[in-house]
Amino acid sequence: MFDINTILRNNIRLLTPYSSARDEFKGNEGIFMDANENPFNSPYNRYPDPLQWKVKQKLAKIKHVEPEQIFLGNGSDEAIDLLMRAFCEPNQDQIISINPTYGMYQVAAEINAVEFVKVSLNNDYSLNSAAIKAAISQNIKLIMLCSPNNPTSNSFDAMEMLKLASDFNGLLVVDEAYIDFSAKPSLIKYLDNTPNLVILQTFSKAWGLAGLRMGMAFASKQIIDVLNKIKYPYNVNSITQRLVLEALDDVSGMEKWVNDILAQRKLLTSRLSNLSKVTRIYSSDANFILLQIDNAKRAYDYLIDKQIIVRDRSKVHLCEGCLRVTIGTPVENKLLAEALETYENI
């Protein structure tokens, strides 16, 4: 039976969190003389809601969870960092993640002086659960998976991930930044039956709000309480909260964008698959494709000369000779395809 206290750092357990003025008084009406704010330049002279309750209440209805099961942060990177700070003792504990995957997991681990243990995916980019289980020791506190994975663009089997959680005494963190583009459902619906599961999502991809920097974490109330305990008091600003609330009123608009991106992904994949220098395009569950191309570095440089910017992943483990291409607008995708068709003849 999972017990959060067995993995929570002792100093975090004993910590008395900072209590801000807006934590102590939660009303919206009154003469506010409690937070040393400038009385002029309303409404931006006032501190934002430190726990973003209006956003959480609206988001909870969309995600079918309780507001208390939601953490909102300055991008998903904040939640990643806080999870490591709360549950991993520096210079002692370890994290397991897959290789290749999103590079920020390792950066955050190194910043927090937590050893980062890499377990290679299988050659077909599937999860090697046996190798992950073999790497688990008493010092492993987090297993971090990205599904759909970046840069491989594929999703992992839900039951395989949940089995890892059931056999593990730490936290299984599944980053679902690209889940809206996948035919496979989110693992959010398993939260109530999987107390050590944490799901990360973001407003940066499907919602088109990367510039606002708001990430989401979904977990048990116990885990969310820990993240709220150690976060900085006003981690999400007022403007971001307001604009995200507006976006949440237009779920159909987000869904239309997703459908348009999926249609463009299919068209671009079809067109590029006809090129002889494109030797493989991996099946994608994300808003990008990973393609293998002859002389990937040369192709990357050629596209840069055309002012078309993609990611060169050719030196990444298991992605040798690959470029990662984000799906753009119809015009952008057309220009990319035309450029690679010209590259075909060089």
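Given the options Lys61, Lys56, name the one that is of a type in the set (D, E, K, R), within 20 Å of the chain's Cα centre (by Cα) and either modelled with pLDDT of 95 or more or surrounded by 12 or more Cβ atoms within 10 Å (Cβ to Cβ) (or both). Criteria check complete, one pass: Lys56. Might you check whether a residue that is surrounded by 14 or more Cβ atoms within 10 Å (Cβ to Cβ) and touching a Cys at 6+ places or on another chain (Cβ under 6 Å) occurs anywhere in the range 109-126? Within the range 109-126, one or more residues are surrounded by 14 or more Cβ atoms within 10 Å (Cβ to Cβ) and touching a Cys at 6+ places or on another chain (Cβ under 6 Å).
Being in contact with a strand residue (DSSP E or B) (Cβ under 6 Å, 6 or more places away or on another chain) and of a type outside the set (Ser, Thr, Tyr), is that true of even one residue in the range 248-258? No, because not a single residue in the range 248-258 is in contact with a strand residue (DSSP E or B) (Cβ under 6 Å, 6 or more places away or on another chain) and of a type outside the set (Ser, Thr, Tyr). Of all the residues in the range 26-46, those that are surrounded by 10 or more Cβ atoms within 10 Å (Cβ to Cβ) and either closer than 15 Å to Tyr234 by Cβ or in contact with a helix residue (DSSP H, G or I) (Cβ under 8 Å, 6 or more places away or on another chain) (or both) number 8. Selection over the range 307-346 of residues that are hydrophobic (A, V, I, L, M, F, W, C) and assigned to a helix (DSSP H, G or I) gives a count of 6. No other residue among Leu187, Leu267, Leu209, Leu243 is outside the structural domain of Asn150 (by TED's automatic domain parsing) and farther than 30 Å from Asn11 by Cα apart from Leu267. Here the condition is being crowded, with 18+ Cβ neighbours inside 10 Å, closer than 18 Å to Ala183 by Cα and not β-branched (Val, Ile, Thr); of Leu303, Leu268, Leu272, Leu290, it holds for Leu290 alone. Only one of the numbered conditions (1) in contact (Cβ under 8 Å) with a residue 40 or more places away in the chain; (2) surrounded by fewer than 23 Cβ atoms within 10 Å (Cβ to Cβ); (3) not hydroxyl-bearing (Ser, Thr, Tyr) is not met by Ala158, and that is (1). Inspect the range 206-223 for any residue being β-branched (Val, Ile, Thr), modelled with pLDDT of 95 or more, in contact with a helix residue (DSSP H, G or I) (Cβ under 6 Å, 6 or more places away or on another chain) and surrounded by 20 or more Cβ atoms within 10 Å (Cβ to Cβ) and give the result as yes or no. Looking for residues that are β-branched (Val, Ile, Thr), modelled with pLDDT of 95 or more, in contact with a helix residue (DSSP H, G or I) (Cβ under 6 Å, 6 or more places away or on another chain) and surrounded by 20 or more Cβ atoms within 10 Å (Cβ to Cβ), one finds none in the range 206-223, hence no.
Would the range 9-16 turn up any residue that is within 30 Å of Pro90 (Cβ to Cβ) and of a type in the set (Lys, Arg)? Among the residues of the range 9-16, at least one is within 30 Å of Pro90 (Cβ to Cβ) and of a type in the set (Lys, Arg), which makes the answer yes.
The values are calculated or read from the model by the stated rules, or taken from the named source; none is laboratory data. Everything quoted here is computed from the prediction, not taken from an experiment. Glycine gets a Cβ as well: all are built from the backbone with ideal geometry, and neighbour counts include every protein chain shown.
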